[in-house]
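One structure is given here, and the rest of the page talks about it.
The values are calculated or read from the model by the stated rules, or taken from the named source; none is laboratory data. Everything numeric in this text was worked out from a predicted model, so none of it was measured. Reconstructed Cβ throughout: ideal geometry from the backbone, glycine too, with neighbour counts over all protein chains shown. For the accessible areas, the whole protein counts, side chains as well, though only heavy atoms, and no ligand, DNA or RNA atoms are used. Shrake-Rupley method; radii C 1.70, N 1.55, O 1.52, S 1.80 Å.
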Amino acid sequence: MPNDRGSGRKPKISDEQIESARERRAAGESVASIAAEYGVSRQALDKRLKAAQMPVEVRIDHVVDGELCSSVFYDCRKQHVRVINYVSQLSKLAFGYNTSPDREDLQEYLDDRYLRNRGIESPAQYLFEDRDGDAGIFDAIPVFTFSRKDRVIHRTDTDGYQMKALTHDRRLFIKSQAVISGVALRDWAVEVIATDICRQLSIPCIEQKPCQFVYEGRSYDGVYSRNFELDGYTFISFERLIERHGLTSRDDDFISLGALDKLKWCAMQLSEAGALPYDETLKYMTGLAVLDCMVGNIDRHTRNFGLFFNTGSGAYEIPPVFDNGMGLFENDPYRDRYESFDEAMRNVYVSPYGEDPFDMLRMLDEEFDLKAMYPGIDKVVYPDILHTPYALEYERRILEIWQK
């Protein structure tokens with residue numbers, strides 16, 4: 001009986017017909033004429049032809065720093081994702097701790113990968129703007145949004161706070177600007193400047209990039225960086241390391257030492273506590289001091305430098321430099337009340353040495369020959385971010401010392 005109403009099972013196109021249709025289509029026949037001959041709609045045949053052109057499986061290699069870390073396979077017809085991981089570091093894996101990704105995970109990965117190739121890391125949305133003409137720095141700023149249900153840590157000081165949080169996949173650590181006495185500081189900018197100086201001097205650091213930290217609808221400037229704990233690293237502070245041996249940086253013997261003797265003593269304690277070569281721990285301590293002088297960081301207390309403990313190897317390692325934001329007078333909400341630069345400098349010193357940063361940089365140069373320690377760096381260039389008069393004057397004076 002003829003199917004006048006078009007009801008019942010629709011005609012099925014065989015694989016042989018699809019192959020024939022592909023050849024005829026390549027020869028110039030229209031999809032509509034071929035579909036009419038097969039008794040199917042043009043749309044149905046077109047869909048089958050496009051599906052036939054798709055590869056059965058697509059492979060994407062996830063490479064980090066030249067190392068193949070994951071291979072992602074996508075079955076285009078079954079729409080199934082599988083992944084093979086080759087390394088143990090979670091931050092290097094295509095999907096982190098997720099070993100059974102789905103299509104949504106793959107789409108997110110592809111979006112992120114495209115953005116990373118453009119120098120942007122994993123945010124869900126971006127803020128495009130040009131602040132003070134710094135388009136090279138602010139042409140694409142990630143925005144991270146958190147609410148009360150998220151684990152947001154409020155670090156409190158005297159009449160102040162600073163928020164810290166991890167992204168949901170734990171890959172990134174986000175830190176908002178500090179707010180002290182109701183003044184929102186630009187300590188985030190000092191973090192970005194310190195990162196750039198570390199890059200110029202080849203001092204290993206945890207790279208800080210600018211972002212927006214949105215909490216409960218209120219937006220703050222901030223920085224984001226990779227979460228080193230994801231790779232099994234635990235930071236052990238210097239003070240905690242020496243406390244295990246019955247020592248402290250608060251006793252009179254340490255306090256009475258000169259600045260360079262304090263630096264060398266700290267390097268020796270790190271060497272002994274971590275079973276590390278003294279020349280490596282001395283280079284680490286010297287790099288910290290140089291950077292703190294360069295940005296006027298006053299917050300290098302004995303609990304924000306130390307060693308990494310690698311839970312995978314069970315050994316201590318020299319950590320990259322981090323936490324450099326309290327400098328260039330952006331730690332001081334009363335900066336604009338000073339009558340002169342020299343008056344403002346009364347509150348700037350390099351910890352834990354208690355030295356004026358200009359004097360400290362000269363001492364470091366005399367002791368270690370900084371041009372030999374950082375060969376080829378005749379001139380350090382400060383990123384054009386902070387334009388306050390005191391910050392610019394500080395940078396100018398530091399460069400005078402460096403270039404002599």
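Figure note: Asp356, Asp384 ranked by solvent-accessible area, largest first, 1.4 Å probe, ligands and nucleic acids not counted: Asp384, Asp356. Rolling a 1.4 Å probe over the heavy atoms of the protein chains gives the chain an accessible area of 54 Å² per residue.
The angle between the Cα long axis of helix 103-117 and the longest principal axis of the Cα atoms of the chain comes to about 50 degrees, rounded to the nearest 10.
Quick note on the stretch 191-317: its Rg to Rh ratio, both from C-alpha atoms and Rh being the Kirkwood radius, is 1.01. Among 258-267, 205-214, 338-347, 320-329, sorting by the average number of other beta carbon atoms lying within 10 angstrom of each residue, highest first, gives 320-329, 205-214, 258-267, 338-347.
Heavy-atom surface analysis with a 1.4 Å probe gives the stretch 194-280 a carbon and sulfur content of 47 percent of its accessible area.
In the chain, inverting the average of 1/r over every pair of distinct C-alpha atoms gives 25.3 Å as the Kirkwood radius. Over the chain, with a Gaussian network built from C-alpha contacts below 10 Å, which listed residue (Ile174, Ile197, Ile34) shows the highest mean-square fluctuation? It is Ile34. Largest first, the residues Met294, Met373 sort by 1.4 Å accessible area into Met373, Met294.
Which log10 I(q)/I(0) values, to two decimals, does the stretch 176-231 give at q = 0.14, 0.21 Å⁻¹ under the Debye formula with one point per Cα? Calculated log10 I(q)/I(0) at the listed q: -0.45, -0.84.
Cα extents for the stretch 272-404 along the principal axes, largest to smallest and rounded to whole angstrom: 53, 32, 26. Remark: the stretch 394-404, residue by residue, has Karplus-estimated 3J(HN,Hα) of 4, 4, 4, 5, 5, 5, 4, 5, 4, 8, 6 Hz, where x stands for each Gly or Pro and the curve is 6.51 cos²θ - 1.76 cosθ + 1.60 at θ = phi - 60°. In this model, which of Lys149/Lys175; Lys175/Lys371; Lys175/Lys262; Lys283/Lys371 are farther than 24 Å apart at the alpha-carbon? Result: Lys175/Lys371; Lys175/Lys262 exceed 24 Å.
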